[in-house]
Amino acid sequence: MVYPNVDPQPNLPALESEVLAFWEGDRTFVNSVEQRPLDDEFVFYDGPPFANGLPHYGHLLTGFVKDSIPRYRTMRGQRVERRFGWDCHGLPAEVQTEKELGISGHPEIIEYGIAGFNEACRSSVLRYTSEWERYVTRQARWVDFDNDYKTLDLPYMESVMWAFKTLWDKGLVYEGFRVLAYCWRCETPLSNTETRMDDVYRDRQDPALTVAFALDNGDRILAWTTTPWTLPSNLALAVGPDIEYAVMEQDGQRYLLADARLGSYERELVGATRVGTVLGSELAGRRYTPLFPFLADTPNAFQILAAEFVSTEDGTGVVHLAPGFGEDDQNVCNSVGIPTICPMDSQGRYTAEIVPWVGEHVFEANPKVIRHLKDAGVVIRHDSYQHSYPHCWRCAEPLVYRAISSWFVRVTEFRDRMVELNQQIRWVPEHVKEGSFGKWIANARDWSISRNRFWGSPIPVWKSDNPDYPRLDVYGSIEQLEADFGVRVADL
Ligand SMILES: [Zn+2]
């Protein structure tokens, strides 16, 4: 056989189009599924994209990888159905709809009307499906668009109910009041995964304040913070149990800070003499006067606690604790019976407890808090501090950490099993197994799965708001809802 001449300068796009046309005429993809046996299935899970925007480079690149695996399995004789899906719910849909309607944020959505807003979301989320189909087909990827699914379909949402109820029945889902990364613009908590995405950490200038807390014997202990707005919510101070603290005397006043941090405070401590040394473990239990009167009646508060996480890398070796605004803070404070108090509303503004600044956004209140503390004579140093700070991956506003009520999957319950099963997975490239992925699951924490949204799958929980009749029901199907409420819902 004579091999045909090959054009030395082929028109590659034209060749590709010929192949695509052949596949279509031959129904190659459909046949490649139907000709394989039903009892030898390979299941390929693909995260569905949003169709309220066009595909970008990242979608297409991963699309090639996602195409190779099912093709390989098909060539090995397995049946690989590839139903394409569309993610229709959640913040991306809401943000796009807010733009289109010219409104922004929670209160304006309420004013516009939730029903109308959700209708607008529904009409915009599937806008670009035909463009997606064209791109994905043109990149030679084999997927089934005819039998696609949408996360807004009732059967799909009912499957979310089923999954939630199944986890609930196994004791693997619970409601908790925990400190999470939170976006006050989007008014929602973010998962750990969302704060680990690219471009989340960016440089930001914040005020850095060293303040003096008055101990029960009149000595002053110095703490350093880059979030002065959390100082009105201070409920304790943390020291490292094995850290040595220097007692410095200046003009008859004694100051305490970590020995290792003295060098950074030479200017403030000029003329001071060292009169003693004390270990963090010896300071634990000492009481101090609150900086502000707002939370003065909080039980067990305003004492020094020993905590292993305290370091002498920066600051004074003394950490101010606001359990409503820090995970470590919450853990340490709760362990001695100090409650979690979070005087901030859903849009990042002080609530009624913080009397002089109620309704002010915490970032804007920073200068006022600092001014107040300066007037009170407790600010030892005021700097500007540039640090890497997490921002919202959707709206780019700086995040805050705050305690919030949220539903969690108890990942810690089956973490060890995941680590064990990871050993059976073949990773490409191999280092991912013990590297980024292995470390991620080994350190996995309970997963916050609820979001505060208008347009999404509901959490199927009915909870009594009457404290005299506490009751909580979890529903796993539309049938169960109908049995209890006598109404058959057509949408969720
Ligand atoms: Zn945001």
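Some notes on this structure:
- Rolling a 1.4 angstrom probe over the chain with all protein chains present gives an accessible area of which 52% lies on carbon and sulfur atoms.
- Spherically averaged projected area of the convex hull of Cα atoms, segment 201-390: 10.5 nm².
- Surface per residue (accessible, 1.4 Å probe) for segment 418-492, Å²: 71
- Of Lys99/Lys150; Lys66/Lys439; Lys99/Lys433; Lys170/Lys439, those spanning more than 30 Å from alpha-carbon to alpha-carbon: Lys99/Lys433
- Taking θ as phi - 60° and the Karplus parameters 6.51, -1.76 and 1.60, the scalar couplings of segment 8-18 work out to x, 10, x, 8, 4, x, 5, 4, 4, 4, 4 Hz in sequence order, x denoting glycine and proline.
- Estimated from helical segments only, the mean residue ellipticity of the chain at 222 nm is -9000 deg cm²/dmol, where each DSSP H run of four or more residues counts as -39500 (n - 2.57).
- Taking amide H positions as modeled 1.01 Å from N, with prolines and chain starts lacking one, no residue 5 or more places away or on another chain lies under 5 Å from Thr340.
- With the alpha-carbon atoms of the chain aligned to their principal axes, the span from lowest to highest coordinate is 102, 66, 46 Å, starting with the largest.
- Residue separation of Tyr389 and Asp484 scaled by 0.36 nm, minus their Cα-Cα distance, works out to 29.5 nm of gained length.
- Taking amide hydrogens as placed 1.01 Å from N in the peptide plane, the amide H of Ala208 sits under 5 Å from those of Asp383, Ser384, Tyr385, each at least 5 positions away in sequence or on another chain.
- Exposure here means at most 13 other Cβ atoms within 10 Å; with GluC sites (Glu not before Pro) in a DSSP loop as sites, the longest stretch of the chain lacking them is 1-265.
- Cut-off under 5 Å, modelled amide H: who pairs with Trp86 long-range: Tyr149, Lys150, Thr151
- Listed peptides 318-325, 199-206 by packing density, highest first (mean Cβ within 10 Å): 318-325, 199-206
- Inter-site label distance for Thr62 and His106 at 7 Å from Cα along Cβ, in nm: 2.9
- Förster radius 51 Å - calculated FRET efficiency between Gln347 and Asp216, Cβ distance, rounded to 0.05: 0.85
- Across segment 85-93, computed HN-Hα scalar couplings (Karplus, 6.51 cos²θ - 1.76 cosθ + 1.60, θ = phi - 60°) run x, 10, 7, 10, 10, x, 4, x, 5 Hz from first to last residue, x flagging Gly and Pro.
The values are calculated or read from the model by the stated rules, or taken from the named source; none is laboratory data. Treat the numbers as computed from the prediction; the structure is a model and nothing was measured. Please note: Cβ atoms are built from the backbone with ideal geometry, for glycine as well, and neighbour counts cover all protein chains shown. Protein only, heavy atoms only, side chains kept; ligands, DNA and RNA dropped before computing areas. Shrake-Rupley method; radii C 1.70, N 1.55, O 1.52, S 1.80 Å.
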